[in-house]
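The next block holds one structure in the form of structure tokens; read it before the comments.
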Amino acid sequence: MNFPKKTTSVLVVGILLLVAVNTQAVGQKPQNVVVSKIQELEFSGSQNSVGIVSPSKVARVGAAVDGRVAEFLVEEGDAVKAGQPVVKLQTAILQFQLQGAKAELELRAAELEELEAGTTKEELDASVANLRAAEAAKKFSDWNFTRIEKLFQGGQVVSETEFQQAQASKKRDEQLYQAAVSSHQINVRGPRKEQITQAKARLNSQLATLKTLEEQLLRHTIVAPFDGYVTIKQSEQGQWVAKGEVVVQIIKLSEVDVIVNVTADHVTKLELGNQVRIDIPFATEGLVFGDVFAIVPAADQQSRTFPVKIRVANEDGRAGPLLKAGMLARVQLPVGPPKKMLMAPKDAVVLNGTRRTVFVVDAATKEVSEVAVELGVSNGEMIEVTGDVQAGQSVVIRGNERLKSGQVIQVVAGQSEVIEQD
């Protein structure tokens with residue numbers, strides 16, 4: 001049979017490609033992996049329940065003082081850090097008061113420093129000079145009074161007035177001399193302890209005033225109490241807010257609580273710390289696990305169910321936290337009757353969109369087969385699997401990210417890390 005020339009060329013190219021693929025497959029080295037076995041164990045069965053994702057913390061942050069909003073620094077949906085300012089109130093009057101208080105504090109500090117330093121050399125020199133001048137004036141007054149007194153008593157030409165003036169000058173200069181002596185003694189001794197104590201008290205009082213104003217200033221800035229996200233704004237720039245009025249709501253989503261309402265017959269089977277598997281549609285395709293964090297011992301009056309909180313670590317995605325408040329979650333609670341189930345290591349599960357699979361190793365050929373499984377309860381590092389699997393089968397737990405069905409593997413015993421394929 002004669003083929004057209006174009007058809008012949010296509011057949012040749014196809015044969016060459018087939019040969020190349022077969023040659024590559026033959027020369028491909030086995031993938032090095034780590035394996036573990038599926039085990040049949042007895043655990044409590046699972047009960048599928050619906051819960052709601054809630055923030056682990058919710059803070060309705062209010063104003064500590066009355067004031068007008070000068071700046072609103074965040075918008076709804078913004079991420080904030082603990083201590084980050086979110087709202088600032090007007091503080092012009094406080095700023096002026098604070099400046100005055102700082103100046104007064106400097107004055108009080110200078111007064112105390114002056115007292116503690118004591119008398120300077122210059123002050124002592126001036127005190128000595130003043131004392132010597134007073135002593136000289138006293139000596140002259142004494143000599144002059146003695147002279148005039150002798151003349152007056154001898155009947156010589158000295159009037160009564162001159163005698164009285166000399167006597168008054170003598171007394172005045174004696175008093176001035178005594179004052180100079182006392183002043184010099186004070187300068188030599190320095191300030192009394194009582195004066196220093198009083199100066200310290202004035203300084204501490206002013207320091208307290210300054211700290212009070214600084215605290216008032218801090219209260220005019222509203223800050224985030226923890227890392228989280230702004231969900232509600234209840235004020236705007238220019239609006240007056242009263243003390244205690246809520247201005248913003250912040251929620252913590254670095255970890256969330258899935259709240260499930262559990263009936264009385266099931267809640268008694270739960271314990272704090274129980275590990276729970278959670279499916280959250282539209283949020284993440286990965287496996288999500290949490291621990292029973294709180295079991296509220298008071299039932300809802302209408303439903304007669306008990307709220308159970310399951311704490312889950314959250315992750316950030318392109319649109320913020322993957323798990324958002326208000327999302328619905330399906331929870332596998334370990335509250336069913338004990339039963340035997342097939343348990344595989346969590347690391348054996350491969351996520352393919354909404355499909356969950358494991359790679360089962362053929363003991364004879366060392367080839368792997370990808371098997372779809374359904375997941376159930378989890379316990380530590382093990383998780384329940386149902387599907388075309390059996391107890392005792394080996395499944396790949398390291399190196400399964402790039403495996404394909406029919407691929408030959410090389411089991412690496414005793415290794416926790418994957419040995420990359422050459």
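The values are calculated or read from the model by the stated rules, or taken from the named source; none is laboratory data. Remember, predicted model here, so these are calculated numbers, not experimental data. Glycine also receives a Cβ, built like all others from the backbone with ideal geometry; neighbour counts cover every protein chain displayed. Quick note on the areas: whole protein, heavy atoms, side chains included, nothing else; ligands and nucleic acids left out. Shrake-Rupley method; radii C 1.70, N 1.55, O 1.52, S 1.80 Å.
Model label sites at residue 236 and residue 99, defined 7 Å from Cα along the beta-carbon direction, differ in position by 3.3 nm.
If I compute solvent accessible area with a 1.4 Å probe over the protein chains, what percent of it on the chain is carbon and sulfur?
The value for the chain is 53 percent carbon and sulfur by accessible area.
Which of the listed residues, 280, 213, 270, is farthest toward the dipole's positive end in segment 201-323, when Lys, Arg count +1 and Asp, Glu count -1 at the beta-carbon? Going by the Cα projections, it comes out as 213. Build a GNM of the chain with springs between Cα atoms under 10 Å apart, and of 47, 39, 301 the one that fluctuates most is 301.
Could you provide, to the nearest whole Å², the per residue accessible area of the chain with probe 1.4 Å? Before the final figure, lay out each step's value.
Working: 25700 Å² over 422 residues.
Ligands and nucleic acids excluded, the result is 61 Å² per residue.
Farthest towards the positive end of the charge dipole of the chain, among the residues 365, 197, 39, is the Cα of 365, using unit charges on the Cβ of Lys, Arg, Asp and Glu. Between 0 and 90 degrees, the angle of helix 121-153 with respect to the longest Cα principal axis of the chain falls at about 20 degrees. Seen against the Cα atoms of the chain and their longest principal axis, helix 160-189 is set at about 20 degrees.
In debye, nearest 20, what is the charge dipole magnitude of segment 271-382 about its Cα centre with +1 on Lys and Arg Cβ and -1 on Asp and Glu Cβ, if you could check?
That gives segment 271-382 a dipole magnitude of about 320 debye.
Size of segment 280-422 from its Cα atoms: along the principal axes, largest to smallest, the extents are 61, 41, 26 Å. Over 22 Å between C-alpha atoms is what I'm after, so list which of 57/324; 88/211; 121/171 land there. From the list (57/324; 88/211; 121/171), the Cα-Cα distance tops 22 Å for 121/171. With only the Cα atoms considered, segment 230-310 has a convex hull volume of 177 Å³ per residue. Label-to-label distance, residue 386 versus residue 303, with points set 7 angstrom from Cα along the beta-carbon direction: 2.5 nm. Solvent-accessible surface of protein heavy atoms, probed at 1.4 angstrom with all chains present, puts 293, 43 in the order 293, 43, largest first. Shape class of the chain from the alpha-carbon gyration tensor: prolate, with a/c at 1.5 or above and a/b greater than b/c. For the chain, modelled as a GNM whose springs connect Cα atoms under 10 angstrom apart, the maximal fluctuation among 302, 90, 234 occurs at 302.
When +1 charges are put on Lys and Arg Cβ atoms and -1 charges on Asp and Glu Cβ atoms, the dipole computed for the chain relative to its Cα centre reaches about 160 debye. Among 273, 190, 336, which one shows the highest mean-square fluctuation when the chain is modelled as a Gaussian network with alpha-carbon springs under 10 Å? Of 273, 190, 336, the Gaussian network model singles out 190 as fluctuating most. Equivalent ellipsoid of segment 159-200: semi-axes from √(5λ) of the C-alpha gyration tensor, largest first, are 39, 9, 4 Å.
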